[in-house]
Amino acid sequence: MDTMKKVVVIDPVLETIFGASYRNYKELYALGGFSMFTCSMVDYNEDTNTGNDLFIDDEGLLKTNQKYFTFAGVGTFAGVGILIGSDHATGDSIDTLWTVRQVRRAVSFEPNGYRIEPSMTFHVIE
């Protein structure tokens, strides 16, 4: 049985940050407006083996007229971001422990015209 999980959504197009919830991965894709995502760890609590991850559009840098946001101490990202709690022992998603207010203090929206050029680096392993 799927249970509702609390998340915080960062929308750089509307420049809004709001709380939401989702029940399964299909709702998560709809909430973010993406078909693939990548994760960036925001924090980790060694005592509880839990943390929070930022799910972002894996194709965000490839979209035209994209908007960006910066999450302090984590990085700058293209498109919608969803902050999700994670249980590192099981790999399950859990409620985020961040409040909307905390996320608002940690996030800034980049101005119109800001752009990150996509790039790839290859390393030879011998």
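Bear in mind that the values in this text are calculations on the coordinates, not laboratory data. Just so it is clear, the model here is predicted, and its values are computed rather than measured. Virtual Cβ from ideal backbone geometry, glycine too; neighbours counted across all protein chains shown.
Observations on the model:
- If R0 equals 22 Å, the separation of the Cβ atoms of residue 104 and residue 59 corresponds to a calculated FRET efficiency of about 0.25.
- Sequentially through region 41-46, phi angles give Karplus couplings (6.51, -1.76, 1.60; θ = phi - 60°) of 5, 9, 7, 8, 10, 5 Hz, Gly and Pro residues having no value and appearing as x.
- Relative contact order (percent, whole number), region 64-110, Cα cutoff 8 Å, 6+ residue spacing: 41 percent
- Mean separation of Cα contacts under 8 Å (6+ apart) over length of region 47-126, as relative contact order %: 33 percent
- One equal scatterer on each Cα of region 21-87, no solvent, Debye formula: the resulting log10 I(q)/I(0) at q = 0.17 Å⁻¹ is -0.63.
- Placing unit charges on the Cβ atoms only, positive for Lys and Arg and negative for Asp and Glu, gives the chain a dipole magnitude near 540 debye about its Cα centre.
- For the pair region 32-68 / region 1-31, the C-alpha centres are spaced 12 Å from each other.
- Sorted from longest to shortest, the spans of the Cα atoms of region 58-126 along the three principal axes equal 42, 34, 20 Å.
- Scattering profile of the chain at q = 0.15, 0.17, 0.21 Å⁻¹ [log10 I(q)/I(0), Debye over alpha-carbon scatterers]: -0.70, -0.88, -1.25
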